[in-house]
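Below you'll find the structure, written out as structure tokens, and then a few comments.
The values are calculated or read from the model by the stated rules, or taken from the named source; none is laboratory data. Please read all numbers here as calculations on a predicted model, not as lab measurements. For neighbour counting, all protein chains shown are included, and Cβ atoms are generated from backbone atoms with ideal geometry for every residue, glycine included.
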Amino acid sequence: MTNSNSDVTGFHDRVVLITGGTSGMGLATARLLLEAGAQIVITGRDDARLDRAAEQLDKASDQGPVCSRSGPTPPASPISTAWLP
């Protein structure tokens with residue numbers, strides 16, 4: 001999970017919230033910051049995509065499984081959250 005073209009420093013043990021973290025730039029940013037030692041919180045509107053993103057981040061992590069899903073999302077809320085400690 002190393003990208004030699006990026007230099008991400010200063011995020012070790014920081015908590016970072018990434019909205020739209022289920023794909024594209026949000027998911028790529030989550031990967032980079034996770035690699036830099038940050039604790040990541042990603043959000044998304046689609047539960048299935050959020051679960052897939054959490055699985056991808058788990059597999060890409062050198063630390064083994066790092067994802068845990070937050071409790072059930074209230075039905076009125078359009079946003080789901082995964083916590084990546």
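Among the residues here, L84 does not qualify as at pLDDT 85 or above and within 11 Å of the chain's Cα centre (by Cα). Whether a residue is at pLDDT 85 or above, touching a helix residue (DSSP H, G or I) at 6+ places or on another chain (Cβ under 6 Å) and aliphatic (A, V, I, L, M) was assessed, and L27 passes this test.
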